Each structure stands twice: as structure tokens, then as C-alpha cells.
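Just so you know, all these numbers are worked out from the coordinates, no wet-lab data involved. Values in this document were obtained by computation on a predicted structure and should not be read as measured data. As a convention, Cβ positions derive from the backbone with ideal geometry for all residues, glycine included, and neighbour counts pool all protein chains shown.
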Amino acid sequence: MLSAGVIFSGCAQSQKIQESGTAKEITDRGTVNTTVRKNYIKNEIDSFNSFYQDQRVKDYKYAQMKTSPFAFYRATAHLYYKDLVNGIIPVPSQWKNTADISPWIQGDLHIQNLGHFENNKGEIVFDLNDFDESYIAPFYWDLIRFTASVYLIKDEVGFNFSSSEQDELALYFLEEYQNNLTDGNNQELTISNLSGFLQDQAEEIMSEQTQQKLLDKWTVIKNGKRVFDFTNEKLEDLTSSDEVELASWNTYLSDNSSFVSKMGNAYFTVKSKAKRLYSGLGSLGVKKYYVLLEGASSSQNDDIILEVKEERQPSLFLSGLISSSLYSSYFSTHGKRSVTASRAMLKNAEDFLGIMVSSNSSYQVKKISSYKFGFEPADFKSKSDLKNFLKYAALALANAHNRSDSQYNPLYIPYVVRPNILNAIKVWSSAKTTLRSLAKNYAAQVKVDYSLFKQ
């Protein structure tokens, strides 16, 4: 069975390692030779994005990555995992050798991968909202990556705060994670369970956003029928190869057969299909489609939009830190892994969640929520706004880690992870301040990498 002692094979911190055949000096602080690092960054980014078939999208992604260190960070989870193994992020050896501390992790955790959306009860919730990079791995990988994002948003938020305040907020997040994991209440963060800034945001979204507004954004009525609006620059008509991919739609209906039967076949009548362009950043370039369903009636105003998103192998496998030997025995497709992660980490995952499998790819299918809202750094107008967000981000993450272990399915994780994580945090010397230092130093490295990328 999968356990941290088996899946985590982190390398010892060496003073000299090999990257692309070039020796590279690494100091105790993780600083690197700039010329070598620049070439390394270029080669890694070129390699990771070599699958792109549409040069327009690739150019757009690189342009977005140049806008800020935080945007660069969002797009380079693959570098994060490589840097975990090459010593740039010097994780203590004691941590690497601690067994049974691996829940499902989000895998690409930063402030824009938590937000508001609907659960399967139609309630607006605040939770993790992206599982493309999720798999079973040491819990602290999520903590380091998220905390680094707190340091990287300083120049993008709508207020000024000092370096000492950054340190304070980073440590606050880590303390809240530990406190909430200790409580183990596993609550879902609906409007009634929120307060302050996040509750205000949720109430505003609920009062202003409707299914009709969502439909008006993406669709038009033509000849009495609602179809996708191809004057929207973020939508494009399907090519012949796209049509081939979506010809596998019945695999989704079969995968989600119980919900399809409950709602009725007419509900899932496909009215229109489109290719979605320029969506996201880390996953920008994977195939993504929108499918318009008939919905509850023949009315043009209760249609449903589903997102069909290609899933690929999680970036953490690129590092070699995770064994892939069990992956194929657990998951026949990457789509199944992503959907499993969603169900493991969310308390009430939406009913539309399912898998479509074509001859070339696998896809996660989910409903586009009219309440969907992701936070931009500029949304935070004060330190109290950000602190409120971090409070509930820590709670959401602690709950996701907690509920995803053997309580969800002992096939993947055959132990209860919560007491093991709490014990590790207590036993490890200065665990939270070490986590903060690792994140802070890595954020500084990301800023250097961003500068090198722009060059």
C-alpha cells in the first residue's frame, strides 16, 4: 500500500548535482549559478510546454508568465517539484524519512486555486477548486507551495505591507492549518460558516450572479435555440480533431450513469459545443471544451454549461520524487485520478463530476458554476482581508487533507493521516518556522527565475 516512506524518495542535499549534463553548485541557502540556472529554466520550460499544438496559445501563456513573478509561479509547478529534489528547496532529511504523512494533496496550491463555487446541494462554498495536479504525497508540499505564493503577491495586492507583516501572515496560515487539523471538525465552508471578508464576498456573489448571467456571457439565442457565442474571443468552433475527441461523449454519460438516470436523458441533450481558449495559466494549452446541455426543460433559460478539460500526468511525477509504479494500477486514466482527487478532498463534490475518455486523452467533466469566483491578488484591499482569506484557506486545506485518507478510500491511503501529520509538526524541530523559511527563500528564488525567464 501507498505510504510516505514508499512514495517519497527525496535525494540528499548534495553540494554538486547534475542537471542536463551540467554540474551546478548549490550553496546551503539554495543560491545557484545564474548562467546555469538561466539555461536550466529555459530548457525545463521549453520541455514542459513542448506538447503545445497551437502556437497562439503558447505565445499567450508566455506573455502572461512575463507579467509578474506570481504569474510565473502559477505556470511553473513543474519547476517547484524539480527544485524539491535538486536541493533548491532544502527539505530536512527527517521530514523526508517520516512515514504515513501523505494525504491527497492539491499539488499546485496558491491563492488562486481556492475560491467560491457550488457543491452538490447548490450551496455556495469556499474550497480548493483545481485538482489537475493532485495526487498522494507529503502534506508539507502543499504548505510550502501555498506559503510561497503569500510572499509572491506582495506587489500585486491592493495595499502596502511590510516584510515583517509578510512573515506574520505566512506563519499565521501555518498555525491555522495546524490548529484546524487538531480540531478535525471537517466542516464545509458555506456562507454560514464564513465571516468577514470571505463571507461578504460570498454574499455578494450569491446576490449578483445567476445562471442567466452565466448563459448570457457564453451563449446567444439563434433561431429560437441557445448556442455558444463564437463572437466571444475565448470561444472557438470545433475543428475536425476536436469533433473526434467529443465523439467520445457517451463515455462520460456511462461514467456518470446514476446521475444521468436520475435527471433523465433529455436533460443531457447536447445543444452546442465549443473549444475554450485562453483559460487558466498552469494548465493553459491542454484541450478544453464547453458543452451546452438542455437542462431541466425545453426553456432556453435553464441550460447547463459543462467544462470538459483534458487531464495530464501531475507535475510531481516529473521530479522523480513519487513512484509511478502504483499509479496505473489505481487509475486507468489521468481523468479518473483528477476526479478521484476532487471527490476525496471535497466534502460534497458536484454531481456532474465525471470522466470522458477518447482514444487520445482523458478529461474531467464538471459543471460551470454561476457562483464560480477565484481571487485575484488585487481583490485584497487590506491586511485584514488577506488574513481572513488565509484563515479559511488553512481550514479548507486542513479539512481536505484530513478527509482524503482512509476515511475516503483505504485503497489509496490505508491509514488515518491526521494524527501522523500533527505528531510530525510537533516532533520536527521548529517545523512551522522552517516551513516559512523554505517558502520565503523559494519565493525569492522564483523572483530570480522570473527575471531570468524574461531575459
Express the relative contact order of the chain as a whole percentage, based on alpha carbon pairs under 8 Å and six or more residues apart in sequence.
-> 27
Filter the trypsin sites (Lys or Arg not before Pro) in region 374-424 down to the DSSP loop ones having no more than 16 other Cβ atoms within 10 Å, then list what survives.
-> Lys381
Report the extension gain between Ser325 and Ser451 in nm, rounded to one decimal, defined as 0.36 nm multiplied by the number of residues separating them, less their alpha carbon distance.
-> 41.7 nm
Short version: ³J(HN,Hα) in whole Hz for each residue of region 316-333, in order, from phi by Karplus 6.51 cos²θ - 1.76 cosθ + 1.60 (θ = phi - 60°), x for Gly and Pro, what are they?
-> 4, 6, 5, 7, x, 6, 10, 6, 9, 5, 8, 4, 5, 6, 7, 10, 6, 9
Which of the residue pairs Lys96/Lys383; Lys273/Lys366; Lys217/Lys287; Lys287/Lys366 have a Cα-Cα distance greater than 25 Å in the structure shown?
-> Lys96/Lys383
Place a point 7 Å from the Cα of Ser50 in the direction of its beta carbon; the residues of region 418-452 whose amide N falls under 17 Å from it are none
Leading residue at positive end of dipole, the chain (Cβ point charges), from Gln212, Gly224, Pro92 = Pro92
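Work out the length of the dipole vector of region 166-251 about its Cα centre, built from +1 on the beta-carbon of each Lys and Arg and -1 on the beta-carbon of each Asp and Glu, and round it to the nearest 20 debye. Mind showing how you got there, number by number?
Numbers: 6 positive and 18 negative charges, 139 e Å.
Charge dipole, region 166-251, about its Cα centre: 660 debye, nearest 20.
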Could you tell me how many degrees, from 0 to 90 and to the nearest 10, lie between the Cα long axis of helix 140-152 and the main elongation axis, the longest principal axis, of the Cα atoms of the chain?
-> 90
Provide the per-residue ³J(HN,Hα) series for region 379-387, in order, calculated from phi with Karplus coefficients 6.51, -1.76, 1.60 and θ = phi - 60°, each as a whole number of Hz, with x at glycine and proline positions.
-> 5, 8, 9, 7, 4, 5, 4, 5, 5
Search the structure for amide H atoms under 5 Å from the amide H of Tyr135, placed 1.01 Å from N in the peptide plane, and list their residues when 5 or more places away or on another chain.
-> Ile105
Any aspartates and glutamates whose Cα falls less than 18 Å from that of Lys222, other than same-chain ones fewer than 8 residues away, would be Glu236, Asp237, Glu294, Asp302, Asp303
State to the nearest 20 debye the size of the charge dipole of the chain about its Cα centre, where the only charges are +1 on K and R beta carbons and -1 on D and E beta carbons.
-> 820
Starting from the Cα-Cα distance between Ser299 and Glu376, subtract it from 0.36 nm times their residue separation and give me the gain in nm to one decimal.
-> 24.2 nm
Spelling it out for Phe380: with amide H atoms placed in the peptide plane at 1.01 Å from N, the residues 5 or more places away or on another chain with amide H under 5 Å from its amide H are Gly158
Residues whose built amide H sits under 5 Å from the amide H of Lys287, excluding neighbours closer than 5 in sequence, are Glu310
For region 257-271, in order, what is each residue's ³J(HN,Hα) by Karplus, 6.51 cos²θ - 1.76 cosθ + 1.60 with θ = phi - 60°, in whole Hz (x at glycine and Pro)?
-> 4, 5, 6, 4, 5, 5, 7, x, 4, 4, 4, 9, 4, 7, 9
For Ser68, the net charge from surrounding residues (Cβ-Cβ under 12 Å; K, R +1; D, E -1) works out to +2
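Have a look at the DSSP beta bridges in region 210-367 and tell me what percent are antiparallel, nearest 5.
Values: 27 of 28 bridges.
Here the share of antiparallel DSSP bridges comes out near 95 percent.
Filter the GluC sites (Glu not before Pro) in region 227-262 to those in DSSP coil with at most 11 other Cβ atoms within 10 Å of their Cβ, and list the result.
Working: sites: Glu233, Glu236, Glu243, Glu245; in loops: Glu233.
Filter output for region 227-262: Glu233.
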